[in-house]
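K.L.:
Before I ask anything, let me first share the structure, which is written out below as structure tokens.
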Ligand SMILES: O=C(O)CCC(=O)C(=O)O
């Protein structure tokens with residue numbers, strides 16, 4: 001993977017979202033998938049409830065949470081030097097790894113994600129925090145791609161409300177009035193990725209297709225960021241209504 005870091009940084013700072021094709025090779029994607037399948041099959045049932053959210057069938061994984069804590073293999077992937085070198089200029093400091101998660105968006109029953117800004121969950125100030133979203137399946141217009149509103153990270157945090165969506169407990173109080181056609185759609189091949197700033201507004205639709213849309217999310221912050229108590233209070237109220245995230 002080759003990256004023009006000046007252009008990349010300028011695009012990220014302007015738009016709050018950027019696409020990086022070919023971040024992982026086909027072999028790397030296959031090994032991530034093998035470990036995810038193994039973890040779900042062999043380990044997940046013995047982990048605490050905050051390790052996952054299921055879809056409404058109560059069986060199929062919607063999200064894996066806290067992989068950085070419960071699975072050292074994923075922590076090692078996320079701490080790869082080549083990834084940290086990409087992330088450091090974007091978070092304006094030494095990257096810390098607070099979260100590794102998945103958004104599985106399984107075939108037919110994958111649920112949607114309401115409009116939100118991640119910093120309503122992360123609660124960090126300054127907002128030098130981002131998500132590296134890596135596609136493990138092809139992400140198409142049909143299977144619930146993530147849509148982002150470019151430039152929205154520059155407008156600060158918008159008012160929030162509890163969403164009562166399990167796995168995405170807090171969303172925007174009002175959906176933005178930017179038509180879908182004007183939003184940036186994260187269409188990706190397996191191994192491609194996007195990076196979005198923690199205050200970039202985004203959302204995704206349910207997956208009603210026969211094709212799963214699995215994403216691996218590595219979340220980084222600069223080591224200078226601190227918890228914002230006001231954001232934390234709003235998040236705590238939402239997450240206690242629909243735990244675990
Ligand atoms: O994968 C999705 O559908 C949503 C992802 C998301 O909300 C995020 O990356 O913060």
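K.L.:
When both residues are 6+ apart or on different chains and their Cβ atoms are under 7 Å apart, which pairs have a first residue that lies in the stretch 158-174 and is free of Cβ contacts under 8 Å to residues at least 60 places away in the same chain, and a second that is in a loop (DSSP other than H, G, I, E, B) and crowded, with 20+ Cβ neighbours inside 10 Å?
P.N.:
Listed by first residue and then by second, the contacts come to 158/117; 172/201.
K.L.:
Tell me whether the stretch 166-176 contains one or more residues that are surrounded by fewer than 20 Cβ atoms within 10 Å (Cβ to Cβ), modelled with pLDDT under 95 and within 15 Å of the ligand (Cβ to nearest atom).
P.N.:
yes
K.L.:
Name the pairs whose Cβ atoms lie under 9 Å apart, with the first residue in the stretch 186-215 and farther than 17 Å from residue 124 by Cβ, the second crowded, with 19+ Cβ neighbours inside 10 Å and modelled with pLDDT under 95, and 6 or more positions between them or separate chains?
P.N.:
203/171
K.L.:
Here's another thing I want to ask about it. For the condition at pLDDT 95 or above, within 30 Å of residue 27 (Cβ to Cβ) and either more than 12 Å from the ligand (Cβ to nearest atom) or touching a strand residue (DSSP E or B) at 6+ places or on another chain (Cβ under 9 Å) (or both), what is the one hit in 126, 95?
P.N.:
The unique qualifying residue is 95.
K.L.:
Across the stretch 44-60, what is the total count of residues that are assigned to a helix (DSSP H, G or I) and closer than 19 Å to residue 103 by Cβ?
P.N.:
4
K.L.:
Taking the stretch 207-245 as the search range and keeping residues that are touching a strand residue (DSSP E or B) at 6+ places or on another chain (Cβ under 6 Å) and in a loop (DSSP other than H, G, I, E, B), which one is surrounded by the fewest Cβ atoms within 10 Å (Cβ to Cβ)?
P.N.:
Result: 223.
K.L.:
Would you check which residues across the stretch 215-242 are touching a helix residue (DSSP H, G or I) at 6+ places or on another chain (Cβ under 8 Å) and either modelled with pLDDT of 95 or more or within 12 Å of the ligand (Cβ to nearest atom) (or both) and list them?
P.N.:
Across the stretch 215-242, the qualifying residues are 216, 218, 219, 220, 221.
K.L.:
Continuing with this model, one more query. Just wondering, is there one or more residues in the stretch 191-213 that are within 11 Å of the ligand (Cβ to nearest atom), touching a helix residue (DSSP H, G or I) at 6+ places or on another chain (Cβ under 6 Å) and closer than 21 Å to residue 66 by Cβ?
P.N.:
Yes, some residue in the stretch 191-213 is within 11 Å of the ligand (Cβ to nearest atom), touching a helix residue (DSSP H, G or I) at 6+ places or on another chain (Cβ under 6 Å) and closer than 21 Å to residue 66 by Cβ.
K.L.:
Of the residues that make up the stretch 7-28, is at least one buried (at least 16 other Cβ atoms within 10 Å of the Cβ), at pLDDT below 95 and in contact with a strand residue (DSSP E or B) (Cβ under 9 Å, 6 or more places away or on another chain)?
P.N.:
Within the stretch 7-28, one or more residues are buried (at least 16 other Cβ atoms within 10 Å of the Cβ), at pLDDT below 95 and in contact with a strand residue (DSSP E or B) (Cβ under 9 Å, 6 or more places away or on another chain).
K.L.:
So, in the stretch 140-161, of the ones that are within 14 Å of the ligand (Cβ to nearest atom) and over 19 Å from residue 16 (Cβ atoms), which residue ends up surrounded by the fewest Cβ atoms within 10 Å (Cβ to Cβ)?
P.N.:
If we take residues in the stretch 140-161 being within 14 Å of the ligand (Cβ to nearest atom) and over 19 Å from residue 16 (Cβ atoms), then 141 is surrounded by the fewest Cβ atoms within 10 Å (Cβ to Cβ).
K.L.:
Name the one entry in 127, 98 that is touching a residue at least 40 places away in the same chain (Cβ under 8 Å), over 11 Å from residue 218 (Cα atoms) and under 16 Å from the mean Cα position of the chain (by Cα).
P.N.:
None of the others qualify; the one that does is 127.
The values are calculated or read from the model by the stated rules, or taken from the named source; none is laboratory data. Computed from a prediction, not measured in an experiment: that's the story for all the values here. Quick reminder, even Gly has a Cβ in these numbers, built from the backbone with ideal geometry, and neighbours come from all protein chains shown.
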